[in-house]
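The values are calculated or read from the model by the stated rules, or taken from the named source; none is laboratory data. This is a predicted model, so every value here is computed, not measured. Cβ atoms come from the backbone with ideal geometry, glycine included; neighbour counts cover every protein chain shown. Ligands, DNA and RNA are stripped out before the accessible areas are found, and what is left, the full protein with its side chains, is counted by its heavy atoms. Shrake-Rupley method; radii C 1.70, N 1.55, O 1.52, S 1.80 Å.
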Amino acid sequence: MKRWLILICLLLPCLGAAEGELVLTATVSAQESALLPLPLDGEDPVLILEKGDVLTITALGSSYCEAIAGDTPGYIPLTDIAFDILEGQPTRLGEVDVSPTNLMFGRMTLREEASGKSKGLCKLAKGRLVLMLGEEGDMYHLAVPGYIGYGLKKQISTAVEPLPYTIYYVNNDAPVHLRLDSRYGENWVVTKLEPGTPVQLIKNPNGWAQVEVGGQRGRMVAEFLSEEPPQ
């Protein structure tokens, strides 16, 4: 009996760690769709999909989502899928909108419950796209690939519209930084984009391009972008 009690005590922390975690899945809602190798109209599909097929969503997008069907990765139009967690309800996207001028507030804490004192699950950088599930008090119920939780309403913009997909490619010999804002410094870096990575160009003001890639909106030096795909 004592051995069982010891084993249960050891397992409890592991069981608690799973709270807030989420494998984000969606169902094909169009009569027919396809996974594309690149998010471009006219691309030859890597996999034909039918209504009801289930996919794992790995990155949200305002036009295309990155997804995996079985073992096949690709891109699928956002309009062709319904998220299982929303039970077929229309998709509503939000964007993390916090000031990057103060490093403490350049990222939002996704929390386990609808309380500012609740356990933090992860940090979401400014520009991260989130799936909006509902609201409770001063917080939205949110989901991203990997997590489900709550974020402050004042840190979420709900004005996320589908964009015409203008694809560019990272054109550089080395990885390029995607940043929170048009600033240099490691603290503003969100991620690194490998040479040849396709990105959706939103706008290109003053030499800093605003782009969307992998469920994240940010800025990068425009000279590292090219309309031509990599060789």
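Just a few scattered comments:
- Given (1) farther than 18 Å from Pro100 by Cα; (2) in a strand (DSSP E or B); (3) open to solvent by 40 Å² or more (accessible area, probe 1.4 Å), number of the condition Tyr169 does not satisfy: (3)
- Any hit, the range 128-135, residues being open to solvent by 50 Å² or more (accessible area, probe 1.4 Å), within 19 Å of Cys65 (Cβ to Cβ) and of a type in the set (D, E, K, R): yes
- Scanning the range 126-166 for residues that are part of a strand (DSSP E or B) and of a type in the set (Lys, Arg) yields a single hit, Arg128.
- Any hit, the range 199-217, residues being more than 19 Å from the chain's Cα centre (by Cα), assigned to a helix (DSSP H, G or I) and without any contact (Cβ under 8 Å) to a residue 40 or more places away in the chain: no
- Per the listing Leu193, Leu201, the residue uniquely modelled with pLDDT of 95 or more and within 20 Å of Leu60 (Cβ to Cβ) is Leu193.
- Inter-residue pairs, beta-carbon under 9 Å, first acidic (Asp, Glu) and in the range 65-89, second at pLDDT below 90, 6+ apart: Glu66/Pro39
- Tyr147, sole failed condition from (1) in contact (Cβ under 8 Å) with a residue 60 or more places away in the chain; (2) hydroxyl-bearing (Ser, Thr, Tyr); (3) buried (at least 22 other Cβ atoms within 10 Å of the Cβ): (3)
- Strands (runs of 3 or more DSSP E) wholly inside the range 21-118 that include at least 1 residues being surrounded by fewer than 21 Cβ atoms within 10 Å (Cβ to Cβ) and among the β-branched types (Val, Ile, Thr): 25-28, 47-50, 54-59, 64-69, 72-77, 107-111
- Residues that are open to solvent by 30 Å² or more (accessible area, probe 1.4 Å) and in a strand (DSSP E or B) within the range 177-198 comprise His177, Val190, Thr191, Lys192, listed in sequence order.
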